[in-house]
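Some notes on the structure that comes next.
The values are calculated or read from the model by the stated rules, or taken from the named source; none is laboratory data. Remember, predicted model here, so these are calculated numbers, not experimental data. Glycine gets a Cβ as well: all are built from the backbone with ideal geometry, and neighbour counts include every protein chain shown.
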Amino acid sequence: MRALVLGLALALSLTSGALAQAQAGSTEAMATITRFTDAVNHGDAATAVAAFGPSPVIVDDLAPYRWQGPSAGGAWMAAMGANAQARGMTLINMRLLAPSRVEVDGASAYAVVPGVLTYTFKDGHTEHADGVLTFTLQQAGGAWKIDTLAWTGPRETR
């Protein structure tokens, strides 16, 4: 009986240690996502692009809709800028909501984060788009890097 109790205590301590490690990983992965989003919101392309891993995949609702490879982050940022200019936008802001799911397994993470995009136009009107950002991240050199980014949601509305 004593061996059973000791075995159970050991199993619980190992489980709680793994849970604590996963929670820390979740917090760190979300911090990377938040820093990335802040950089995009402030037009800091260098910081935003640095958040990506070596060969990310990005899926977004503007043409060409998919970017992949070492230059994907910069190409996506350029496409967003060109789209904003063509549509007469003066400001684009993503507000992240509480994540609905964050999973961490060792050096890999998966996060689903609802968000609200607000577009401000030259004439002063705004439009909003509710949607979901889905990320996969990998740890590289002790830091989380975005491997996949996908935005989904309906079209913006006034």
Point to revise | Number of the condition not met by Thr37 [criteria: (1) part of a helix (DSSP H, G or I); (2) at pLDDT 95 or above; (3) farther than 15 Å from Ala150 by Cβ; (4) not acidic (Asp, Glu)] | key: (3)
Check your understanding: Restricted to the range 103-141, and to residues that are closer than 24 Å to Ser55 by Cα and over 17 Å from the mean Cα position of the chain (by Cα), which residue is surrounded by the most Cβ atoms within 10 Å (Cβ to Cβ)?
Key -> Gly106
Exercise for review: Quick one: Val112 ticks every box in (1) in a strand (DSSP E or B); (2) in contact with a helix residue (DSSP H, G or I) (Cβ under 7 Å, 6 or more places away or on another chain) except a single one, so which number is it?
Suggested key: (2)
Study note, to complete from the structure: All-but-one check, Ala72 against (1) in contact (Cβ under 8 Å) with a residue 12 or more places away in the chain; (2) loosely packed, with under 14 Cβ neighbours inside 10 Å; (3) of a type outside the set (Val, Ile, Thr), failing number (2)
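I'd like to verify a number: residues in the range 82-102 that are under 16 Å from the mean Cα position of the chain (by Cα) and in contact (Cβ under 8 Å) with a residue 40 or more places away in the chain, how many?
Selection size over the range 82-102: 5.
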Check your understanding: Name the pairs: first residue in the range 113-138 and among the acidic types (Asp, Glu), second residue surrounded by fewer than 18 Cβ atoms within 10 Å (Cβ to Cβ) and not in a loop (DSSP other than H, G, I, E, B), Cβ to Cβ under 7 Å, at least 6 apart or on different chains?
Key -> Glu127/Thr157; Asp130/Val116
Point to revise | Residue count for the range 50-69, restricted to those that are closer than 15 Å to Ala150 by Cα and not in a strand (DSSP E or B) | key: 8
Review point. What is the number of the single condition among (1) surrounded by fewer than 16 Cβ atoms within 10 Å (Cβ to Cβ); (2) in a strand (DSSP E or B) that Trp144 does not meet?
Key: (1)
